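Have a look at the structure below, then the notes.
Just so it is clear, none of the values below were taken in a lab; they were calculated from the coordinates. The shown structure was predicted, so the numbers you read here are calculated from the model rather than taken from an experiment. Reconstructed Cβ throughout: ideal geometry from the backbone, glycine too, with neighbour counts over all protein chains shown.
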Amino acid sequence: MKQWILKNKLILIGALSGAVIGYGYYHFIGCTSGTCLISSRPLNSVAYFGLMGGLVLSIFKKGPKGNAN
């Protein structure tokens with residue numbers, strides 16, 4: 001488990017920071033009418049922004065070294 005966390009720490013940092021930003025988006029901006037798909041509930045905002053944060057930082061993860069052919 002520890003090895004997996006160390007291997008994917010950049011993605012986990014992105015997901016965690018995205019989740020915090022998502023909750024902040026829900027809390028400060030949000031959607032009072034309840035018709036907004038992402039910002040109407042905190043779970044939706046946290047999940048969406050967490051996923052996006054993990055995906056964005058996964059771009060910078062180094063791949064295996066080897067021949068690029």
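Expressed as a rounded percentage, what relative contact order does the chain have, with Cα pairs under 8 Å and six or more residues apart?
So the answer I get is 40 percent.
Most fluctuating residue of Leu51, Leu43, Leu16 in a GNM of the chain with Cα springs under 10 Å: which is it?
Leu43
So how tilted is helix 42-58 from the main axis of the chain? Cα-based, degrees 0 to 90, rounded to 10.
That helix lies at roughly 20 degrees to the long axis.
Calculated from the structure, Cα extents along the principal axes in Å equals which of [x] 87, 21, 12; [y] 37, 27, 21; [z] 54, 30, 15?
Of the labelled values, this structure produces [z].
So what's the angle, to the nearest 10 degrees on a 0 to 90 scale, between helix 9-28 and the longest Cα principal axis of the chain?
Helix 9-28 sits roughly 10 degrees off the main axis of the chain.
Grab the DSSP H runs of the chain that are 4 residues or longer, score each as -39,500 (n - 2.57), total them, divide by all residues and round the 222 nm result to the nearest 500 deg cm²/dmol.
On the way: 3 runs with 43 residues, N = 69.
Mean residue ellipticity at 222 nm (helix-derived): -20000 deg cm²/dmol.
If I model a spin label as a point 7 Å beyond the Cα along the Cα-Cβ vector, how far apart are those points for Lys2 and Leu37 in nm?
Reported label-point gap for Lys2 and Leu37 is 4.2 nm.
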